[in-house]
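Note sheet for the following structure.
The values are calculated or read from the model by the stated rules, or taken from the named source; none is laboratory data. All figures in this text were calculated on a predicted structure; none of them were measured in a lab. Methodologically, a virtual Cβ is constructed for each residue, glycine included, from the backbone with ideal geometry; neighbour enumeration extends over all protein chains shown. Surface accessibility is based on the protein's heavy atoms, side chains included, excluding ligands, DNA and RNA. Shrake-Rupley method; radii C 1.70, N 1.55, O 1.52, S 1.80 Å.
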Amino acid sequence: MTPVMLLAADLAAEKKSAEVTDWAARAGWLVGLALFVALVYWLMREGWKWRGTLQGDIPELPSAPDDLGPARLGMSGRYHGSTTAGQWLDRIVAHGLGTRSRAELTLTDAGLDVVRPGAADFFVPAAALREARLDKGIAGKVLTEGGLLVVTWAHGDRLIDSGFRSDHAAEHNEWVAAINSMIKTNSTEGAER
């Protein structure tokens with residue numbers, strides 16, 4: 001016999017049928033993985049609820065007055081969340097402030113009205129406004145430098161940073177200037193009284 005024939009004979013002798021898939025083991029792994037994902041989701045939800053409980057000392061959010069007056073500025077975009085001022089990862093979830101959503105902002109002499117479809121609306125009175133600035137991140141959302149309008153306001157005994165991104169990012173500078181000039185005007189009027 002030639003070497004080619006010996007090789008062919010060896011290959012023919014070694015042929016076996018393919019291993020049969022063990023469906024019970026595969027199904028067990030899939031069920032285990034699904035249970036693990038469900039457990040992680042449940043733990044995340046419980047953590048979110050616990051954070052809301054810890055922030056229970058935050059008073060109810062003010063609602064907009066019936067007569068806001070004429071609008072200084074208007075903006076549509078996204079609300080990315082609120083945090084404790086100066087701590088961009090300490091998300092506030094109480095009273096729906098942790099829910100990201102679309103948002104319509106209106107700045108008037110009375111304050112900042114935030115309308116959020118599908119989430120709780122809130123109003124920031126002009127006297128509660130402290131600062132407006134451009135930033136790059138808030139509550140786990142990171143954008144390009146200056147891609148986020150962050151408004152700092154007082155609520156109860158806390159200072160809160162709320163982050164917004166306009167559909168037209170070029171509007172951010174105008175908003176920062178308008179809010180900060182409004183704050184300066186309110187603070188000088190308060191000092192004169």
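A few notes on this one:
- Residue in segment 167-174 that is of a type outside the set (V, I, T), surrounded by 19 or more Cβ atoms within 10 Å (Cβ to Cβ) and touching a Phe, Trp or Tyr at 6+ places or on another chain (Cβ under 9 Å) present: yes
Conditions (1) under 19 Å from the mean Cα position of the chain (by Cα); (2) over 20 Å from A154 (Cα atoms); (3) small (G, A, S), marked per residue:
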site	(1), (2), (3)
A64	no, no, yes
M75	yes, yes, no
E131	no, no, no
D135	yes, no, no
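- Restricting attention to segment 40-68 and to residues that are among the small types (G, A, S) and in a loop (DSSP other than H, G, I, E, B), the residue that is modelled with the lowest pLDDT turns out to be G56.
- Candidates are the residues of segment 101-154 that are part of a loop (DSSP other than H, G, I, E, B), charged (D, E, K, R) and out of contact with any Lys or Arg (no Cβ under 8 Å at 6 or more places or on another chain); the one that is most open to solvent (accessible area, probe 1.4 Å) is K136.
- Scanning segment 60-100 for residues that are closer than 16 Å to E131 by Cα and open to solvent by 90 Å² or more (accessible area, probe 1.4 Å) turns up Q87, W88.
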